[in-house]
1. Considering each of S40, S24 in turn, give the residue that is among the hydroxyl-bearing types (S, T, Y) and over 17 Å from F186 (Cα atoms).
2. Please state which one of N107, N49 is without any contact (Cβ under 8 Å) to a residue 24 or more places away in the chain and within 18 Å of the chain's Cα centre (by Cα).
3. Could you tell me how many of the residues in the range 89-114 are surrounded by 13 or more Cβ atoms within 10 Å (Cβ to Cβ), among the β-branched types (V, I, T) and over 22 Å from V184 (Cβ atoms)?
4. Suppose the filter is assigned to a helix (DSSP H, G or I) and either touching a helix residue (DSSP H, G or I) at 6+ places or on another chain (Cβ under 9 Å) or among the β-branched types (V, I, T) (or both); does T51 pass it?
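Readers should treat all values here as calculations from the given coordinates under stated rules, not as data from a laboratory. Bear in mind that the values here come from a model prediction, so they are computed numbers and not experimental data. Cβ placement follows ideal geometry from the backbone for every residue including glycine, while neighbour counts extend to all protein chains displayed.
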Amino acid sequence: MKKVLIIIPTADEVMPECMKAAKSQDYGNFDVMVNVLKPSFMSNNWNLNRTMNMIANRNALRGRALETDADYFWMLDSDVVPPHDALSKMMKQVGKKKVSMDFVMPNIPIIKDGTPVKEKHIIGGWYEFRNPVGDRKMTGAWNCGKWVADNTLMNLGYQDKGFIEVDKIDLGCVLVKREVLDKVKFKEGNVRSIKYYGCNRWTWPCHCLMFAIDAQDLGYQLWMDGSVVCEHLDRRKKCPGLKEFISMKKTLLQSFQMAKRWALGMEL
């Protein structure tokens, strides 16, 4: 049985529901590794701060993970709660497989029993996005997407029940083979070159998209397993004082911006 290492990055702590779900998987050979890395990149751009700090955390966790003897790595966010059989279901899809029966359809060649199936190296589970600011409500957009035009990627607005290929997966619930993580690092992309959207809102192209692009450039395909649907928790409701802290941070930022405008002789 292949060994899996569940890797969870966080800036503070893993939500109890997530940790319980990770440790309760019914797969027979896995360990859990958590990497706590406090934010160090600070600017007046919230999206850039979030992206750069997450990249640093994921790369630190990647380095630690590759020092182990795990065959596969399951990247799991600290606020995503997978079902107890998620890992077992995704692991059934990996490895070298063959067609188990003759496959016949009109006007196409017959696929013979025993024909090798292309190995799957990257498999994601589903969860719905939350609005990262404001009300934190579900957005109606899910954690994967497909290219729909030049430089335009659309997050799916539905959860597919099947096993489908996609062009991008957010990294909150992704199983990857060791060779993929060994070759692909996490990095920032040129945010001005790519637009991507879902649920009628524009958003920030993140390191998840760059990971997908780099993996595809190396010949790896990305897949979503419709039998794995996770819960996406609202961290703000679970962390006492976080809402008040965010409100205070916004007030301080507004005061700073007003002072800056005053210093430059601009109208307030």
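1. Working: S40 fails: over 17 Å from F186 (Cα atoms).
Sole residue among the options that is among the hydroxyl-bearing types (S, T, Y) and over 17 Å from F186 (Cα atoms): S24.
2. Working: N107 fails: within 18 Å of the chain's Cα centre (by Cα).
Only one candidate qualifies: N49.
3. 2
4. Working: assigned to a helix (DSSP H, G or I): yes; either touching a helix residue (DSSP H, G or I) at 6+ places or on another chain (Cβ under 9 Å) or among the β-branched types (V, I, T) (or both): yes.
For T51, the condition - assigned to a helix (DSSP H, G or I) and either touching a helix residue (DSSP H, G or I) at 6+ places or on another chain (Cβ under 9 Å) or among the β-branched types (V, I, T) (or both) - is met.
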